[in-house]
1. Can you work out the Karplus-derived ³J(HN,Hα) for every residue in the stretch 90-102? Use 6.51 cos²θ - 1.76 cosθ + 1.60 with θ = phi - 60°, whole Hz, and x for glycine or proline.
2. What's the center-to-center distance, using Cα atoms, between the stretch 25-98 and the stretch 149-218 in Å?
3. With a point put 7 Å past each Cα toward its Cβ, work out how far Arg87 is from Ser115 in nm, to one decimal.
4. Below 13 angstrom from the Cβ of Asp55, what's the summed charge of the other residues (Lys, Arg +1; Asp, Glu -1)?
5. Skip the ligands, DNA and RNA, and give the accessible area per residue of the stretch 77-221 with a 1.4 Å probe, whole Å².
6. In nm, to one decimal, how far is the modelled label at Glu138 from the one at Ala171, with both set 7 Å along Cα→Cβ?
7. Just read off the accessible area of Tyr164 with the full protein assembly in place, 1.4 Å probe, to the nearest 10 Å².
8. With a cap of 13 neighbouring Cβ atoms within 10 Å, and only residues DSSP puts in a loop, list the GluC sites (Glu not before Pro) found in the stretch 63-146.
Amino acid sequence: MPFFIPFAVGGLVLTALGLGVRKVLTETGVTTPEDARLAQARERHRGAVAALRADRLQVRDGVASHGALQARVHAEVLVPFGALLARLERWGHVQEAELLEPEALEALRALLRESPSRAARRNGPLLGAGVEVPAELESVLAWLDRGWLDEDSPPVVLDGTPLYAAISARAILSGSAPEEGARALDEASALLARTTAFLGALRTRLTALEQRVAGLHGRASAQLAYLDAASFEAGGEEPRERLTRLAVLVGQLAVLLRTPVLSSEGRLTPMLAARAEDDVPSNG
């Protein structure tokens, strides 16, 4: 006698059988070697992206810290020193060219021409205070500040690595077979690891520069506390000696504040060599 399964019941039976087979395959971990390699490459890529994002946040915090210090130096040292120097020149006591080397004098004049804005505090630590942002670095600075990447926006290229192309797994895997996709993801992970190391070096440079500026800022502030224009009326040597020492500190501060950390190509610039005035005693 033939055995028939009603259509509606038969559909349920076949569906159950199908789900059962899928469950067995899933539970036993049945997958192709190519799919396994792709899954592992995806995981490595996710880790590389997370590391890059974490270092970007640390660089952003370092930029904010140094930008705030640059603003304090401008307000507490450069502006008062410029006012003192201008008054002494009007009274015929000194000439600025006698006190400051040409590079320091140029840097000081440039810094005194403008007051640090919010944008300047964001860009100054990386490009030098008061320096106009090159067009090719605008997208890099925006990414360092906000972390946004968009396929249709201007490309963000840091240390030679196009970040969107290296971060977007969807773009990397588009149209690729599993084996090719795994290889492409691993290549992107290597690029991201190199860029993360670059961000670490950038953060180290920013920290070292901030420490030098902070030391000079403290010494220059102490020297300023002992000087005022009226002290030059007596014609003694001590005020002039103090002014000379202060000018050395202020000149080095101005040069450091104008020193870029990033080149217009988004690479690290050579570090400015330490000078003797970095260690000048604050009460000397």
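1. With the stated coefficients, the stretch 90-102 comes to 4, 7, x, 7, 7, 10, 4, 5, 6, 9, 10, 5, x Hz.
2. Using only Cα atoms, the two centres lie 13 Å from each other.
3. My value for the distance between the label points is 2.0 nm.
4. Once positives and negatives cancel, what remains is +3.
5. 51 Å²
6. 1.9 nm
7. Estimated to the nearest 10 Å², Tyr164 gives 60 Å².
8. Those that pass, being in a loop and sparsely packed, are Glu114, Glu132.
The values are calculated or read from the model by the stated rules, or taken from the named source; none is laboratory data. These figures come from a predicted structure and were not determined experimentally. All Cβ positions, glycine included, derive from the backbone under ideal geometry; neighbour counts span all protein chains shown. With ligands, DNA and RNA removed, areas are computed over all heavy atoms of the protein, side chains included. Shrake-Rupley method; radii C 1.70, N 1.55, O 1.52, S 1.80 Å.
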